[in-house]
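Data first, discussion second: the structure below is written as structure tokens.
Derivation of every value follows stated rules applied to the coordinates shown; laboratory data play no part. Everything quoted here is computed from the prediction, not taken from an experiment. Neighbour counts run over all protein chains shown; Cβ positions are idealised from the backbone, glycine included.
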Amino acid sequence: MKKIVGYSLIAVVGLLSACDKKLDQNPISDQATETFYANQNDFIQGVNAVYSGLRNWPDRMLNLSETRSDNLYAVSDGGVREWEGINSFHKTIAGNSYVTEAWSGNYSSIFKANTFLENLSSKGPAVISDAALRTRLEAEVRFLRAFYYFDLVRWFGQVPVVEKTLTPAEALQAGRNAVSDVYSLIMSDLQFAATSLPEAYSAAADKGRATKYAAKGILALVHMTRSGPTYDIKGPGLGVNEWSQALTLLNEIINSKKYAFIADYTDIFNYDKENNAEVIFDVQYNTGAVPVVGATFPWLLVPDTWFQFMGKANQGGLTIRPVSNDLLNSYEANDTIRKRATIVSGFTLNGVTETRSFLKKYVDVSKTPQNRLDWPINFIALRYTDILMMKAECILRGAPGTQADVDAIVNQVRARATLDPISGVTIPQLMEERRKEFAAEGTRWHDLVRSGLVESVMTAWITKEDVAHIMQPFHKNYILYPVPQSELDVKPGLYDQNLGY
């Protein structure tokens, strides 16, 4: 998908991105979109435009999941930063740019998806003679629409369900839907994608497009997330028991033999080994393009002083977002492979020693680009190790399988990290193993919420970690982010703010 992102931003996004400030919904009569879909290539470009909405998703995962979790104690030493309110559970973050971007970025992409699907339905049969191609393109876009809605429901809970392009007047009537309604659309789209997408793509230009196994993997995670506790809030957990449905999908991915558990942990993130056997779905970047559409996430959690120390130009990470002592101390003595691949601990620049640690998993300084917005590395959204560990989680929750199956999966992961085997793995132990395995990949917050551990873990962590006394006491309402203030202001009363803000 290196070319997918680049083409979409150059050729299509300019046509589709003008938006009503309410839900980023253009009126369907917008002249640019009405005249754009004239041939098959236009439809390919339209799909690529929907993929382009993934560009900021890795940054979002690091800003809203990694920073919110117990992996970082994000206290700035260079003035107040946007991430501090995220880290510290401030009640006044409805205007936070990270929160606003999560809402507007996803809805902008959903608008593109809906625009495409409407044009495919009305014009596609006359323009694309290959019915199989039409089905595949529909499935790709429905996969992506589900992906964006799943992102929204995990951050905000209830959100408006928009399945068609809206006029500005219609958008002003689009209130928030129940979480169950959001999931109905997500699951319908993913089920269609899982049935209709190919197992793989033969053309090099199509590398990175969603496959049937990507759809099954995300759908499995949807089932698992729905099965998490409700916390008595209108959040992503519904307390349903769908662990067996998730396990069936995970086993289908495993039994396909399309993916593999790579022996060398560092190879998973190697710039020269992208699209390796671990990767089920990733966000791919087109470096060297004009306009620039490379990655920015590698340096997001890395202070500029470290790049100076390494002889490179400032990237934009500014001041340090320190790794929490709790995460540092959670690594076993022999867990050096994963720790070194993930964390930098200490350096000295101009006689000043930085003793705090930070996350740098995707940074290879030898690959530092000339433009800090153009890093040449993909972000893995779903990988094979995650499939295996999700299977272990489902079994522990009552899906078919044994404790021996769970232990075997966890010990396979531990063996790659040169750690001794363990037995009788529990949910808390599994989540701690996931914590080290996926640190700096943006999964931690969602893992805590889904597992039911977020209240106990974060409450204890704040007590232990917050030496500067800057954090608010944790409350279950902070599982969700606030509805952005900009959305509340468009039509007062259309939305209720999430509790706690």
- Query: Mean separation of Cα pairs under 8 Å and 6+ residues apart, divided by the residue count of the range 85-160: what relative contact order is that in percent?
  - Reply: 33 percent
- Task: Consider just the alpha-carbon atoms of the chain and return their Rg together with their Dmax, both in angstrom.
- Result: 22.0, 69
- Normalise the Debye intensity by I(0) for the range 201-286, one equal point scatterer per Cα, no solvent, then take log10 at q = 0.13, 0.21, 0.23, 0.24 Å⁻¹ and round to two decimals. -0.57, -1.02, -1.10, -1.14
- Query: What is the order of M471, M389, fewest Cβ neighbours within 10 Å to most?
  - Reply: M471, M389
- Message: Order these by the 10 Å Cβ neighbour count, fewest first: T319, T92.
- Response: T92, T319
- Using alpha carbon centers only, the range 464-501 is separated from the range 267-312 by a whole-angstrom value of 31 Å
- Output the direction-averaged projected area (hull surface divided by four) of the convex hull of the alpha-carbon atoms of the range 134-239, in nm². 7.6 nm²
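Dipole of the chain, Cα-centred, from +1 at each Lys and Arg C-beta and -1 at each Asp and Glu C-beta, to the nearest 20 debye? Numbers along the way, then the final one.
Numbers: 50 positive and 55 negative charges, 75 e Å.
My answer is approximately 360 debye.
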- Any lysines with Cα under 23 Å of the K391 Cα? List them, leaving off those in the same chain fewer than 8 positions away. K212, K216, K257, K258, K436
- Message: Under 8 Å for C-alpha pairs, at least 6 residues apart: give me the relative contact order for the chain, rounded to a whole percent.
- Response: 21 percent
- Task: Could you list which residues have their amide H under 5 Å from that of D282, counting only those 5 or more apart in sequence or on another chain, with H placed in the peptide plane?
- Result: A381
- Item | Scattering profile of the range 224-331 at q = 0.13, 0.21 Å⁻¹ [log10 I(q)/I(0), Debye over alpha-carbon scatterers] | -0.94, -1.14
- Go ahead and run the numbers for FRET between Q497 and N39, Cβ-Cβ distance against an R0 of 60 Å, rounding to 0.05. 0.85
- Task: In whole Hz, with x marking every Gly and Pro, tabulate ³J(HN,Hα) for the range 360-374 from phi via Karplus 6.51 cos²θ - 1.76 cosθ + 1.60, θ = phi - 60°.
- Result: 8, 3, 8, 8, 10, 4, 5, 9, 4, x, 5, 9, 5, 8, 9
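From the convex hull of the Cα coordinates of the range 366-439, what is the mean projected area in square nanometres?
Details: hull surface 25.6 nm².
The Cα convex hull of the range 366-439, projected and averaged over all directions, gives 6.4 nm².
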- Among Q370, L448, N477, pick out the residue whose Cα is farthest towards the positive end of the charge dipole of the chain, where Lys and Arg carry +1 and Asp and Glu carry -1 on C-beta, about the Cα centre. Q370
- Task: Determine which lysines satisfy two conditions relative to K476: a Cα distance under 18 Å, and not lying fewer than 8 residues away in the same chain.
- Result: K91, K234
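Would you kindly calculate the mean projected area, averaged across all directions, of the convex hull enclosing the Cα atoms of the range 297-361, in square nanometres? Numbers along the way, then the final one.
On the way: hull surface 18.2 nm².
With every direction weighted equally, the projected area is 4.6 nm².
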- Residue order, fewest to most beta carbons within 10 Å, for T248, T100, T342: T248, T100, T342
- Where the centroid of each part is defined by its Cα atoms, how far is the range 168-201 from the range 33-89 in Å? 19 Å
